[in-house]
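What follows is a single structure, written as structure tokens, with notes after it.
Nothing in this text is a laboratory measurement; each read-out follows from the coordinates by a stated rule. The model shown is predicted, which means the values in this text are computed figures rather than measured ones. With ideal geometry, Cβ positions are generated from the backbone for all residues, glycine too; neighbour counts draw on all protein chains shown.
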Amino acid sequence: DTAVSQTPKYLVTQMGNDKSIKCEQNLGHDTMYWYKQDSKKFLKIMFSYNNKELIINETVPNRFSPKSPDKAHLNLHINSLELGDSAVYFCASSQDRRTGGYYTFGSGTRLTVV
Amino acid sequence: SQQGEEDPQALSIQEGENATMNCSYKTSINNLQWYRQNSGRGLVHLILIRSNEREKHSGRLRVTLDTSKKSSSLLITASRAADTASYFCATDAGTGGFKTIFGAGTRLFVKA
């Protein structure tokens, strides 16, 4: 069973469109995250959710809206897509990191905006 | 500037050789983690070292931590072609563990 699964794996869309990426974890973790990895492999936090509550919103444009219907799901909706949004988006989950919990990542969604 | 920065950016070695990657960070930490990313895949956790630990081993991996120098190193012994991947260090930016900073990674290529 895949621990953190995100769909779709690839997403090609035109500028201005709205798209969603779904993420689910079956590890029973309390915290979920969205990370963005750019073309230089630099990984940057976007959002952190703990028990469905938003903890971190790392100066992400309002066009990005995360939704956590329950602890096991964290979806990402993106409005009015721009060329600069092209990247690989990773969902991750963890137990309490203050006590040493580590991240489990999904396999990523490669978003290409044309 | 980034919290975690790996050095070197890229490393090419022969199978059987050892590979050493370094990571420097800027603020005090609770722990430091190393992850591996194979091409087209998500990151996979390798090892965590706490701020009160100086060295940790896991199989062919050895991690050291020097909090006075704010640096860590990852040593992979007797490397294999399957170790070809990018390796990232990760530290927390003091926000209770909800905001981890990853470096840009070291790309390791192991030639068979």
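Other chains' Cβ within 10 Å of B:21-33 residues: what's the mean?
Going residue by residue through B:21-33 and averaging, the value is 1.
Cα atoms only: what Rg and Dmax, in Å, come out for segment B:1-103?
According to the Cα coordinates of segment B:1-103, Rg and Dmax are 13.2, 40 Å.
Given the peptides A:19-30, B:29-40, arrange them by the average over their residues of other C-beta atoms within 10 Å, most packed first.
In descending order of packing, they fall as B:29-40, A:19-30.
Classify the protein assembly as shown as rounded, prolate or oblate, taking a ≥ b ≥ c as the square roots of the eigenvalues of its Cα gyration tensor: rounded when a/c is under 1.5, otherwise prolate if a/b is larger than b/c and oblate if not.
On the way: a/c = 1.89, a/b = 1.44, b/c = 1.31.
Here the protein assembly as shown falls in the prolate category.
Let me test this: with uniform point scatterers at the alpha carbons of chain A, what is the Debye-based log₁₀ I(q)/I(0) at q = 0.22, 0.23, 0.24 1/Å?
-1.26, -1.36, -1.46
Which one, B:His45, A:Leu43, B:Val63, is farthest towards the positive end of the dipole of the protein assembly as shown when Lys and Arg carry +1 and Asp and Glu -1 on their Cβ?
Of the candidates, B:Val63 comes out farthest on the positive side.
What are the residues whose amide H is under 5 Å from the amide H of B:Asp92, where those residues sit 5 or more places off or on another chain and H is modelled from the backbone?
Sorted by chain and number, the residues that satisfy this are B:Asn30, B:Asn31, B:Ile101.
Placing +1 at every Lys and Arg Cβ and -1 at every Asp and Glu Cβ, with all other atoms neutral, what dipole size does the protein assembly as shown have around its Cα centre, in debye to the nearest 20?
120 debye
Treat every Asp and Glu Cβ in segment A:16-114 as -1 and every Lys and Arg Cβ as +1, leave all other atoms uncharged, and give the resulting dipole magnitude about the Cα centre to the nearest 20 debye.
200 debye
What is the dipole size for chain B, taken about its Cα centre, with +1 at each Lys and Arg Cβ and -1 at each Asp and Glu Cβ, in debye to the nearest 20?
160 debye
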